[in-house]
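The values are calculated or read from the model by the stated rules, or taken from the named source; none is laboratory data. Remember, predicted model here, so these are calculated numbers, not experimental data. As a convention, Cβ positions derive from the backbone with ideal geometry for all residues, glycine included, and neighbour counts pool all protein chains shown. SASA here: full protein model, heavy atoms, side chains in, ligands and nucleic acids out. Shrake-Rupley method; radii C 1.70, N 1.55, O 1.52, S 1.80 Å.
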Amino acid sequence: MIQKPKGTYDIYDKKGRTFQELEKLMAVLMENYHYEYIRTPHFEASDLFHRSVGESSDIVSKETYDFLDRGNRNMTLRPEGTAGVVRSYIENKMYGDSIMPRKLWYYGPMYRYERPQSGRFREFYQFGVEVFGSDSPMMDAEIISIPVNFYRLLGLKGIKVNINTLGDQESRRNYREALVEYFKPHLDHLCEDCQTRFEKNPLRILDCKIDHATDIMKNAPKITDYLNEESKKHFEDVKKYLTALKIDYEVVPDLVRGLDYYTHTVFEVEAAIEGFGSQNVLCGGGRYNHLVETIGGPETPGVGFAMGLERLLDALDCEEINIAGESSLDVYVIPMTGMEDYALSLSNDLRLSGFQVEMDYMNRKIQNNFKQADRFHSKIIIIIGENEVKENILTIKDNHTKQEYKVKLEDIVEFLDEKLAEECDCEGCHHEN
Ligand code: HAM
């Protein structure tokens, strides 16, 4: 049997409904924040990711799905969303718009050839945002507030916000030099990956999962000692605005993030829930004031974040939060033998009138059809027999009270509207008149 590729999964039933609910909620949240939706291709020229996410990142050095297309072009399945959105911002000359800052959000699958484990997939979904044209620390705080508010709206309690700053280019350069000086005599004691990082991006040594707990790491220089005044001020302001937004945070000096493009603020939100797996980073992001230039656009500050949906689903499960609505059904239509075309056409008309309709396609016995209607929790059953078709009068059963009605075909929509409004006690439902 052909099986799904390693590190992927199928979404259906309750998980499918949970995903759909999350998609609806993020769209509403983004409308409230006044962001525009953007969709970019799932694959891009490989060079885009080499220049943005960076050669020294694990993502580009080990994890991309690369392929040559039939025109011999090097292509890569996107490992993240930022690079594509930046490319689109430049290519579509959005920097020429009168709308500034340009606030965009996206949602979709990303691909990384990682070792699959709980919370880590090769195809996974990200909800993310990117903002261009503002270097205000208010924007950094707003970006951090989006996932925090999303988690709050979902009722998730166990979250922890970690922040840090990498400073501007000057501060980062000075810090980098200090790290090189510091790590040089210890190189032999670092893991193989860190030795490569030492050459390409020594900051990333701090991110190492293997050497993390060693004294060498603990005693490494801290970025806070290398920030210039401007960078310090930016970070202080971000913290001030987070406090204004009532967002608790911890400053974690060795938080550097796994992508090369960041300057100034970086942050992650982790799941602080008992029993949660080791992949506990629910989302991450930060500021990237030089990425647009690096990819060939005009000097433009940027900031954004992305969250993984799978880890969010795990967090919701862990806190026993259920947001998947029950699948519901208004009407179940049962055709007697020979009446299928009438039933099909009636179902079609009712669906177009806005009702949720299922019908029997299996020529079941009437008792089995009643059981089927119960299984779907159908509120109404319509039985189509020879007489009904001849007289255009439908036999309708209220599946809760079990009462039967005869209703003229032309009155059916009005009847169902009234009946379902009586049945329905959910707020905002279209059945309420
Ligand atoms: P990232 O930290 O690589 O950042 O990914 C963001 C989130 O995606 C992670 O916190 C995690 O929840 C989820 N994630 C990443 N890899 C996997 C995986 N293999 N399986 C499941 N979930 C995963 C970025 O991607 C940046 N583009 C974020 C950003 C946007 N920075 C600025 N703007």
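Positive-end ranking of Ala315, Phe355, Leu344 along the dipole of the chain, with charges on Cβ about the Cα centre, is headed by Ala315. Helix 82-91 axis versus longest C-alpha principal axis of the chain: approximately 90°, rounded to the nearest ten. Taking the protein heavy atoms of the chain in the context of the full set of protein chains, the accessible area attributed to carbon and sulfur is 48 percent at 1.4 Å. Among the lysines of the stretch 329-423, pairs that are 8 or more positions apart or on different chains and have alpha carbons within less than 18 Å of each other number 16. Taking a sphere under 11 Å around the Cβ of Gly158 and counting the other residues whose Cβ falls inside, with K and R at +1 and D and E at -1, yields a net charge of -1. From most to least packed by mean Cβ count within 10 Å, the peptides 28-34, 330-336, 374-380, 283-289 give 283-289, 330-336, 374-380, 28-34.
The 3J(HN,Hα) values that the Karplus relation (6.51, -1.76, 1.60; θ = phi - 60°) gives for the stretch 404-418 are, in residue order, 10, 9, 10, 10, 5, 3, 5, 9, 5, 5, 4, 4, 5, 4, 5 Hz. Gly and Pro appear as x. Its relative contact order, with pairs defined as Cα atoms under 8 Å and 6+ residues apart, puts the stretch 329-423 at 29 percent. Computed from Cα positions, the angle between helix 366-375 and the longest principal axis of the chain comes to roughly 30 degrees. Placing +1 on the Cβ of every Lys and Arg and -1 on the Cβ of every Asp and Glu, with nothing else charged, gives the stretch 329-423 a dipole about its Cα centre of roughly 460 debye. These residues, Leu77, Leu291, Leu25, go from largest to smallest accessible area, 1.4 Å probe, as Leu25, Leu77, Leu291. Solvent-accessible surface (1.4 Å probe) assigned to Arg73 amounts to roughly 130 Å². Averaged per residue, the chain has 52 square angstrom of accessible surface, using a 1.4 angstrom probe with ligands and nucleic acids left out. Distant-in-sequence amide contacts of His264, defined by a placed amide H-H separation under 5 Å and a gap of 5 or more residues or a different chain, comprise Leu166, Gly167, Asp168.
Go through Lys184/Lys239; Lys157/Lys233; Lys103/Lys232 and tell me which ones have a Cα-Cα distance over 27 Å in this structure. Among Lys184/Lys239; Lys157/Lys233; Lys103/Lys232, the Cα-Cα distance tops 27 Å for Lys184/Lys239; Lys157/Lys233. Farthest towards the positive end of the charge dipole of the chain, among the residues Ala213, Val266, Val86, is the Cα of Ala213, using unit charges on the Cβ of Lys, Arg, Asp and Glu. Rounded to the nearest 500, the helix-only mean residue ellipticity at 222 nm of the chain stands at -11000 deg cm²/dmol, with each DSSP H run of n ≥ 4 adding -39,500 (n - 2.57). For the chain, the Cα-based Rg and Dmax, in that order, read 27.9, 94 Å. When peptides 82-95, 400-413, 132-145 are sorted by average Cβ neighbour count within 10 Å, with the highest value leading, the order is 132-145, 82-95, 400-413.
Counting only Cα atoms, the stretch 117-203 measures 49, 38, 24 Å along its principal axes, largest extent leading. What does the C-alpha gyration tensor say about the overall shape of the stretch 329-423? Classify as rounded when a/c is under 1.5, otherwise prolate if a/b is larger than b/c, or oblate. The shape class here is rounded. Taking the Cα atoms only, what angle lies between the long axis of helix 309-318 and the longest principal axis of the chain, rounded to 10 degrees? Between helix and principal axis, roughly 70 degrees. Using every pair of distinct Cα positions in the stretch 142-181, the Kirkwood expression returns a hydrodynamic radius of 12.8 angstrom.
For the stretch 323-335, putting each phi into the Karplus relation 6.51 cos²θ - 1.76 cosθ + 1.60 with θ = phi - 60° gives couplings of 10, 6, x, 5, 6, 10, 9, 7, 9, 10, 9, 10, x Hz, in residue order, rounded to whole numbers and with x for Gly and Pro. Taking amide H atoms as placed 1.01 Å from N in the peptide plane, the amide H of Leu329 lies under 5 Å from those of Lys379, each 5 or more residues away in sequence or on another chain. Taken about its Cα centre, the chain carries a charge dipole of roughly 940 debye when the Cβ of each Lys and Arg holds +1 and the Cβ of each Asp and Glu holds -1.
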